[in-house]
Amino acid sequence: MKEKQINVITKIYNNLYCIKETESVNIYVIIGKDRLLVVDTGYGYHDLKDDIAKISDKPYVVVLTHGHPDHGLGSFRFKEVYLNHKDLPYLLSSDNRKMKESVVEYRLEKMPELKGKLGSDEYYASNIDNVAFLDIKEGDIFDLGDLKFEVIVVPGHSYGSIALLERKMKWLFTGDVISNYNIWNHSKFPEETPPLDVLLDTYRKMDKRKDEFDEIFPAHGERPIDKAVIKDLEEMILDLLHNYQNDEVIHTFIGDAYRHVYKGHAFLYSKELLQDALKREIK
Ligand SMILES: [Zn+2]
């Protein structure tokens, strides 16, 4: 049996690689003429800098799609990381030993082969206190010399989520806002999760721009995925507002959630998030 690795590198195109962390998180490395763009850092169990070096020796810039621990805790391995300031408090609050122990435990249940490899003392002792987090906003451009990535703010899964659009390649990197994987929107409302109409507005905004991209690269699950997913996710939220009565409670490591399934997509939400949307009659 082949030994399981923490990070697995896959070439998607000559200029686009995916580094899959613990069979779960998609980290992307895009090769431009002058430099690389690294999209997300994962939990950071393994030193991502080693993986980047295997792909290219060009300089790179690191950008987080949002501040959740599975995409941003690995920032501690870098000096400078771009993140929308609205997600920085969340990332800082999850940067502690308790969170790290619970995510390691959760992962080892799924991947017992990694026992002894995850959760080193070095990992538990790490923190992001010394990382310079640089803010990003709508319309910012990451210019790699040939490829140019435009920042589009897409709140809804978190307050500070962003997507990255490359018009020439027709690629859109979406973090956890648009994905075929379960969408987790059940952390504390409204401190950590925006109201549902914010998410709906994001799906409508991206649907309007759908001629600008062909392939979507999410932060979990299969990649790339078809852009038709955006319409499905918009419908999923509208469906939830009418058909939530039979949704069941499931347990996750960040707490219990209701789970709404629509056209093969699953949306995890809290009672408070739904109640707020029903009360305000969002459409
Ligand atoms: Zn997330």
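FYI, it's all coordinate maths here, none of it is from the lab. Everything numeric in this text was worked out from a predicted model, so none of it was measured. Positions of Cβ are generated from backbone atoms using ideal geometry, with glycine treated the same way; all protein chains shown enter the neighbour counts.
Tabulated data
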{"quantity": "Magnitude of the charge dipole, the stretch 150-283, Cβ model with Lys/Arg +1 and Asp/Glu -1, debye to 20", "calculated": "280 debye"}
{"quantity": "Pairwise label distance in nanometres, GLU109 with ASP211, each label 7 Å out on the Cα-Cβ vector", "calculated": "4.8 nm"}
{"quantity": "Where GluC sites (Glu not before Pro) fall in DSSP loop in the stretch 77-151, at most 16 other Cβ within 10 Å", "calculated": "GLU138"}
{"quantity": "Note, ³J(HN,Hα) from phi for the stretch 237-254, Karplus 6.51, -1.76, 1.60, rounded to Hz, x at Gly and Pro", "calculated": "5, 5, 5, 4, 5, 10, 10, 8, 4, 9, 5, 9, 7, 10, 9, 10, 6, 9"}
{"quantity": "Dipole axis of the chain (+1 Lys, Arg; -1 Asp, Glu on Cβ), positive-most option in ASN15, LEU108, PHE213", "calculated": "ASN15"}
{"quantity": "Amide H within-cut-off set for VAL25, under 5 Å, with H built and near neighbours excluded", "calculated": "none"}
{"quantity": "Inverse of mean 1/r across different Cα pairs in the chain, Kirkwood, Å", "calculated": "19.2 Å"}
{"quantity": "By average C-beta atoms within 10 angstrom, highest first, the peptides 191-197, 204-210", "calculated": "191-197, 204-210"}
{"quantity": "Residues of type aspartates and glutamates that LYS271 reaches as a straight line, Cα spacing below 12 Å, ignoring anything fewer than 8 places off in the same chain", "calculated": "ASP247, GLU248, ASP256"}
{"quantity": "Links that overshoot a 24 Å alpha carbon limit, given the list LYS205/LYS227; LYS54/LYS98; LYS20/LYS137; LYS79/LYS227", "calculated": "LYS54/LYS98; LYS20/LYS137; LYS79/LYS227"}
{"quantity": "Proximal charge balance of ASP211 [Cβ under 11 Å; K/R count +1, D/E count -1]", "calculated": "+3"}
{"quantity": "Euclidean distance of C-alpha centroids, the stretch 2-67 and the stretch 215-250, integer Å", "calculated": "26 Å"}
{"quantity": "Gyration tensor (alpha-carbon) shape descriptor, the stretch 1-148, a/c threshold 1.5", "calculated": "oblate"}
{"quantity": "Linear extension gain, ASP135 paired with GLU3, 0.36 nm per residue minus alpha-carbon span", "calculated": "43.6 nm"}
{"quantity": "Equivalent ellipsoid dimensions for the stretch 144-195 as semi-axes, Å, which come from the Cα gyration tensor, largest first", "calculated": "26, 12, 6"}
{"quantity": "Share antiparallel - DSSP beta bridges, the stretch 62-184, percent rounded to 5", "calculated": "75 percent"}
{"quantity": "Cα-based Rg of the stretch 187-227 normalised by 2.2 N^0.38 Å, two decimals", "calculated": "1.44"}
{"quantity": "Helix-only mean residue ellipticity at 222 nm for the chain, each DSSP H run of n ≥ 4 adding -39500 (n - 2.57), per residue, nearest 500", "calculated": "-7500 deg cm²/dmol"}
{"quantity": "Amide H within-cut-off set for LEU147, under 5 Å, with H built and near neighbours excluded", "calculated": "LYS33"}
{"quantity": "Charge context of PRO59, other residues only, Cβ under 14 angstrom, K/R +1, D/E -1", "calculated": "+1"}
{"quantity": "Point-to-point label distance, LEU241-GLU122, nm (Cα→Cβ direction, 7 Å offset)", "calculated": "5.0 nm"}
{"quantity": "Packing-based order for 49-57, 155-163, 217-225, using average beta carbon neighbours within 10 Å, highest first", "calculated": "155-163, 217-225, 49-57"}
{"quantity": "Alpha-carbon Debye profile of the stretch 67-151, log10 I(q)/I(0) at 0.14, 0.21, 0.23 Å⁻¹", "calculated": "-0.59, -0.99, -1.09"}
{"quantity": "Coordinate range along principal axes, alpha carbons of the stretch 35-84, Å, largest first", "calculated": "28, 22, 15"}
{"quantity": "Dimensionless Rg over Rh [the stretch 114-220; C-alpha; Kirkwood]", "calculated": "1.04"}
{"quantity": "Percent of Cα-Cα distances greater than 21 Å, calculated over the stretch 157-283", "calculated": "36 percent"}
